[in-house]
Each structure stands twice: as C-alpha cells, then as structure tokens.
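So the structure is just underneath, and the comments pick up after that.
None of the figures in this text is laboratory data; all of them are computed from the coordinates on show. In this text, all values refer to a predicted model and were calculated from it rather than measured experimentally. Cβ: placed from backbone, ideal geometry, glycine included. Neighbour counts: every protein chain shown.
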Amino acid sequence: MYMSIFSRLNPTNSLFGRIFVWFWLATGLMVFAVILVVNRVSDPVEVLPLTKSQQKMVVKIESAIEKIEASDFSTRQIMKKLARMNNWLVVRVDPNTKHVNIGFPRPIAGRLKVFADYSLSDKLIRLRNKNADFVGPFELTTNGEVNILFIGRVLPKAERVSRAPIFIYGGIIVLILGSVFCGVLVWHLTRPIKQISEASRQFAKGKLDTRVNGYDKRKDEIGLLSKDFNKMAAQIENTIDNQRMLMANVSHELRTPLTRMQLALALLEGAEGNTNILQKNIDRLSNDISKMDGLIEQILNISKAQSSHSKLDFCHENISELVTEIVEETQLEASNRHIQTNLQITDNIYSSIDKAAVRSAIENIIRNALKFAKFSVNIQVYASKNGENVCVVVDDDGCGVSDEQLALLFEPFYRAKSVGEQNTENNGTGLGLAIAKAAIDAHNGSIEAQKSPFGGLNMTIILPKD
C-alpha cells in the first residue's frame, strides 16, 4: 500500500512533475553557478609587489605601530586611531581564530578570507581587490595581545574594477546552462512524441503491425500515450483481421448451399414430368434457402453484437429465473437425448442486462452442452465471493475439446472437433459462441471456456451484479 502511495506521489511518474522538477533543478544549478562565478570573478584579489608610494606608507605604518605598542589602548581604540591616520582602512586578523575584523563598510574589503589566508605571510605583500589596496601583514602587540593588521586605502574611481564584465559573465553562464538544460528537456519530450507521430503515419499507410517500442513502460503521460496507441493499434489490427476472416468464412459458408442449389436447379430442369424428383429437389432447395437465411441472420446478429453503436435495452432482471426458464424450455431436447439436467441455482440474483441478448447467449451455451453431453449437464447460478458479479456455469460430461481449441472456440465460423471426432459437419455454423461472447462483452462481462471436471467442457459467464 505504501509503495502504491509513493508511486502516485512520485513526481517523475507524470510529465508535469518531470517538467516542474527539471525546471527548478535547472534554475537552482544556474543560480548556484552564477553565485559561484560572481564570487570568484566579481571580487578578484591580486597579490602584487609594493609600489614606491606603498613602501613609504609602510614606514609610516611601522612608525605608528611602534608608538601605539607603547600605549595602553584597547584593540578597538587602536583600530580607530590607525584609521584616522591618513584615512587608512584597517583590517585586524586574530592569529589564533583567524577571525577578521574591519572598521569600514564590508563591500570595500571584498572577501575577508583572503586576509586570514595571508595573515601568516613572512613578508609584506600587497593585496588589491576591485575597490581597495592593502599592505600587510603587520604584527601589533598591545597588553600581551598579538594582532595581525592589514592597512589599506580606497582606490580612486579610475582604478576600480568595473562590474560590467561580471554581469556579462553571469549572463553568458545563465544562457549556456539554460540552453543545455532546456535542450535536454525538449529532446526528452519530443523524441518519443516524434516516434509516436511516425508510428501513426506508418499505421495510416496500412502497416497495421506498427507499434511504439521503448516508451510503453514509462509511468508518465508519454508512457500512457504509448500504451494507448499500442492498444488501439492492436484492436484495429484485430478488428480488420477479423473482418477479413469473416468475409472469407462467409464466402465459404455461402458457396456450399449455393452450389447445392445450382445442382438442384439443374436436376429440376431435367426432371420434367417426374413428380417425385421435382418434389425432392424442391425440398432440397427449400432446405438450403432456409440454411442460408439462418446463416445470414446469424451474421447480422454477430455484426450487431460487435458494433459499438448497437443499442441495448438494459433492465433489472432476475438471472436465477431467466436460467430456470431456459432450462425448462430445453427439457424436451434433454429428454429426447436421455440427458439429465442438474440445477444449483441461488434464488433472486439480479443484474442489469439486455434480456434478449443475455438469454440468447445462455441458451446457446446450454443447448451446446446438451448436444455434446453423454449423460448429464450441470448448471450453476451464484454470486461471486465479493458479491460484485453473477456467475453462470455450465458443465457437460462429453468428450470435450483439445487444449489448442479452447482459445479458438469464440472465433466466428470456428467449429471445434470433440476429442476423437473425425469431422465437424454437424457442429453448426460456428457463429453461436461468437455471438454469445459479443453479447456478454457488451455487458462488460466475460465468458470463458475450459476443461470440465466432469470430462467435457466448462463454460463460465460472469456478469456485473446489481
């Protein structure tokens, strides 16, 4: 359960989540990169040799430090006193903690860490940043406390480093990183869409086996789109294949009675005056016409059942009573074949169905069971364990069919052979189970064939329960 919740909350499982995370990740990295570059580029610190003016400045500083060391001033007072001399900038570094203390605005000093890094230099150096020029380190000891000092001055405006290159560098970095991240994101989104688009064009050209590969395992919208495309393509391919097979089977099934009718007409032409031959061939023609009429009616029924536009008249029906009525109507057929019908029906189980369609499906299955049973047919009607479905189960004790034929029983015009049977001439047109399946599917139900524990065939119909 927790994994399911985590999967739903995982932002990478949706296209929106991926774009959202990618955007903020890219923004964060760009901001970090800009800050890093600005910190490095915007405040460059140069270590330079002392100029002549600074050498003279050093003499003044050392002289001032000698005077201050002889006094009892505190560290704060010392920094103020030095700062007043010639408008100096004073930076103090604690040699133990490396803490840097200044008495002037922070931006002028630049990166304070530089002073801590060079506080232990064994010679005087010049540190120049974009705003000021410092000389140090100087050691000042007062009241037993050692301080490291850097003394500097503010640079004239003409000598200060311009900020313009800083923003140019930052802008260039943002453009480069933004272009890279956006390019990767666009490629990540457009590549599968292009493949789906190409698959659609190939499918439209008649390549019905075209599928989108590689993206159907993704859990985001692209993955769902790929799965839906593949499902749609498979369904259309299956429908067209079924239509082609149906046309071929219809042509085959109609050719046989038409051939017999042509033969009968030929015999009629040569049987003038022979009443017996005339009547015999007329009866044959009538029988073949009836078979053709029945076949065409079944073809129309399966087409109607498989059509998504067919209208079903749903009503609240008692399935228990419906099955009982069908069994009672088939009792004459069962008695003639000496077949015992065993009923186990739970009373008053209801479902919202088209009564005519479901009745036809159940009746077809029960009559098939009576046709192929040896001694008995077992019929059960009950509610599923979760109470959401109605189950109608029909078992016979006939010879059954092979495992290979079970999956083909619901194909139009497929006529299965019972185990040991030599031909299928007496097994009907092969449309009954196809019509039954189409009717049950239209009710969001299912129908399944499997081997029966009684030796024959088990047919199970499942319908949604009210």
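Summary of values
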| quantity | calculated |
| --- | --- |
| Burial ranking of peptide ranges 195-202, 349-356 (average Cβ count within 10 Å, highest at the top) | 349-356, 195-202 |
| Extension gain (nm, one decimal) between residue 451 and residue 375, 0.36 nm per residue minus Cα-Cα | 25.7 nm |
| Cα gyration tensor category, rounded, prolate or oblate, for the stretch 368-410 with a/c compared to 1.5 | oblate |
| Residue order, fewest to most beta carbons within 10 Å, for 315, 391 | 315, 391 |
| Potential lengthening between residue 211 and residue 67 on full extension [0.36 nm per residue; Cα-Cα distance subtracted] | 42.8 nm |
| Ascending count of other beta-carbon atoms within 10 Å, so fewest first, for 127, 263 | 263, 127 |
| Residue-span extension gain [residue 83 to residue 315] - 0.36 nm each, minus C-alpha spacing | 73.6 nm |
| Relative exposure of 27, 190, judged by other C-beta atoms within 10 Å (fewest first) | 190, 27 |
| Whole-Å distance, taken between Cα centres, linking the stretch 125-150 and the stretch 96-114 | 11 Å |
| Shape of the stretch 102-158, Cα gyration tensor, a/c cut at 1.5 | prolate |
| Inter-label distance for residue 292 and residue 338, nm, one decimal - labels placed 7 Å from Cα along Cα-to-Cβ | 4.0 nm |
